[in-house]
Amino acid sequence: MTMALLETAQLDVVIGGCTVCRKLDWRVMPGDRWAILGKNGAGKSTLLSTVAGLRPHASGAVHIAGLSAYATPPRELAKVRGYLPQVQYDPFASAVLETVLVGRHPHLGRWDWESCEDRRIAESALAEVGLTGFAERQVQTLSGGERQRLGLALLFAQKPRLFLLDEPLTHLDLNHQVALMDLLAKRAAQGAGVVAVLHDPSFAARYCQHALLLFGDGDWLAGPVADIVTAENLSRLYGHPLLQVAGCPYPIFIPE
Amino acid sequence: MPSRRRAFLVLTALAILAVASGFVSLAVGSLPVSVPELLAIFSGQDAGLAGEVVRGLRLPRTLGAFACGGLLALAGGLMQVLLRNPLADPYVLGISGGAAVGALSAMLAELALVFINLASFVGSFAAMLLVFGLARGDNSWTRTRLLLTGVIVAAGCGAAVALILSIAPEQKLHGMLFWLMGDAGHIVNPWPALWTLAVGLVAVMPFARELNLLARGEVLAGSLGVVVPRLRRLVYVLASLFTAVAVTTAGNIGFIGLVVPHLLRLAVGNNQRLLLPAAALAGGSLLVLADTLARTAVAPQQLPVGVLTALLGVPVFLFLLGRQPGGR
């Protein structure tokens, strides 16, 4: 049996004294694509950074590729788990290629400098997200969408097996949204696990096989999208009635 | 693109600059000494009055100025990473204020120079512990909280300094003002500062790549394997220590810690593996040259070097700020 890339057992996530997720048992296998859905403030980002091992949790266990998320040295964890933060801002000037090379950090020794091989990895990561030719540009001159894709290139250069993405589609045009989901699907087909916080349930239903719904009061639902992402569940999730449009090749949900 | 070879070239050039500035500082003054004479003095020959002036007066002053400039630039670079603000300087967290309160109190009590230095060091460390303790408060230790606490402690120290100045007898005011503006003239023993610079640089270099990540954000650094709270504590303590030693040695010299790392970042990029040692060398050279100018420009009158660095620093900084919208 293959090992789960992410496994939580009876995990409680608490923020500001409020339990946003109670006794979560969740497992992400290699090749899985998961969407996390919930309304603003439901704790999606908090849950994501908690399972990434970046935030203390109240109780329960988190394992990433068999490693305890809280007892493993962070650098070891960073070799298997990549995390895309929701906002990325750059107080200092930096070239695009230099920024992508940051993703190689966990693979380098304390005194190492980035090698030609690291540079090659960084350049192919840039090519993957469609930023070839941007290597020498300054990050502060990029548009929001370009900056977002740069964040992903950094993640690809890190070469993790588990991708945890907090709103990866922010700032992206429709074509780039689709291209990005295709890229992630490719990674999943190669054996990676992908977990993304998404805002559009139709997008989730189309591009993910599984979904985790966070209701904000500690309740959650996890499973295949066909069972979980339904008009009934979504209406409860967003606190607003939703309808599924009939006769489409993919499930599409619109607010009533 | 970070490369070892480029870093080596830049550092070699800056090292040559440092040695050259040292020679200038030793040679120039009311008693000019030629380079052959300097070499003779260093090879151990007795060169009479010139030898005494160089060995007894100019050498400690030059070495001390170099060490202080290096320490301030290094501390400034570290503070800018810690606070993720390119406009931070070593004094922003109130350390120089604490040192000033300590030193001026000692001067007011007519203590000997060694006690003034001691009081200045104790004052800066008290300010550092105060800011550290208060900023931790709820254990969150955020950047804003740290910055706010530092600014408030600095403001409190500023008030205490003003109080001391207003009650001090007139004949002590001149010395106090010189101390406040920064003055390399009273450096007797440069070695503590030089050793701090050397050991400090060795201590911080193993973390240079992690500092690059920290400059890009705590969440990103954490997700890529940096133990952020530990690194931040280390940076805070080291930067405070460097500042305290520099201020104890030569008073409140402004702008070196702000302008040098900022200028270098524009010139060589924000790679701390290169930036930190480069800042130490360039900051040291700059202060040595500024101090040479300060003691020769209107000789025999000596200017406090802090006034000169500020006079030079302000236009340079405003120029940079105007050229770089957004203050990167």
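Measuring r between the beta carbons of residue A:232 and residue A:87 and using R0 = 25 Å, the FRET efficiency lands at 0.15. In this Cβ point-charge picture (+1 for Lys and Arg, -1 for Asp and Glu), region B:4-323 has a dipole of about 1220 debye about its Cα centre. Look at the stretch B:223-235: the mean tally of other chain Cβ atoms within 10 Å of its residues' Cβ atoms is 4. Between residue B:188 and residue B:299, the C-beta separation translates, for a Förster distance of 22 Å, into a calculated FRET efficiency of about 0.55. Using θ = phi - 60° in the Karplus curve 6.51 cos²θ - 1.76 cosθ + 1.60, the 3J(HN,Hα) couplings for region A:17-25 round to x, 10, 7, 8, 8, 10, 6, 7, 10 Hz; x is entered for Gly and Pro. Given a Förster distance of 51 Å, report the FRET efficiency between residue B:230 and residue A:245 from their Cβ-Cβ distance, rounded to the nearest 0.05. Once the sixth-power term is evaluated, E becomes 0.45. Near the amide H of residue A:252, within less than 5 Å, lie the amide hydrogens of A:245, all on another chain or at least 5 residues away, with H placed in the peptide plane. Farthest toward the positive end of the dipole of region A:1-122, out of A:99, A:8, A:77, is the Cα of A:8, where the dipole comes from beta carbon charges about the Cα centre. Taken about its Cα centre, chain A carries a charge dipole of about 380 debye when Lys and Arg each add +1 at the Cβ and Asp and Glu each add -1 at the Cβ.
Per residue, the average separation of C-alpha pairs within less than 8 Å and at least 6 apart gives chain B a relative contact order of 32 percent. Reducing region B:92-118 and region A:194-228 to their Cα centroids gives an inter-centroid distance of 62 Å. Using only side-chain charges placed at the Cβ, +1 for Lys and Arg and -1 for Asp and Glu, the dipole size of the protein assembly as shown relative to its Cα centre rounds to 540 debye. Shown here for region A:65-133: chymotrypsin sites (Phe, Trp or Tyr not before Pro) in loop regions (DSSP other than H, G, I, E, B) with at most 16 other Cβ atoms within 10 Å, namely A:70, A:89, A:111, A:113. Tell me the trypsin sites (Lys or Arg not before Pro) within region A:83-129 that lie in a loop according to DSSP and have at most 11 other beta-carbon atoms within 10 Å. Those that pass, being in a loop and sparsely packed, are A:110. Stretched out straight at 0.36 nm per residue, the stretch from residue B:49 to residue B:203 would grow longer than its current Cα-Cα span by 51.4 nm. In the protein assembly as shown, the DSSP-assigned H stretches of four residues or longer account for a calculated mean residue ellipticity at 222 nm of -18000 deg cm²/dmol, using -39500 (n - 2.57) per stretch and the full residue count as denominator. Given C-alpha coordinates of chain B, what is the ratio Rg to Rh with the Kirkwood estimate of Rh? Rg divided by Rh gives 0.98.
A crude spin-label estimate for the pair residue B:167 and residue A:39, with each label 7 Å from Cα along the Cβ direction, gives 6.1 nm.
Per-residue shielding of A:181-187, expressed as the average number of other chain Cβ atoms within 10 Å of the residue Cβ, stands at 0. In terms of surrounding Cβ atoms within a 10 Å radius of their Cβ, A:29, A:3 rank from fewest to most as A:3, A:29. Cross-linked pairs A:159/A:186; A:23/A:44; A:23/A:79: Cα-Cα separations exceed 19 Å for A:23/A:79. Projecting the Cα atoms of B:122, B:208, B:182 onto the charge dipole of the protein assembly as shown (Cβ charges, centred on the Cα centre) puts B:208 farthest toward the positive pole. Across peptide B:211-220, the average count of Cβ atoms from other chains found within 10 Å of a residue's Cβ is 5.
Since every read-out is calculated from the coordinates, none of them should be taken as a lab result. Remember, it's a predicted structure, so these values are computed and weren't measured experimentally. Counting neighbours? That spans all protein chains shown, and the Cβs are built from the backbone with ideal geometry, glycine included.
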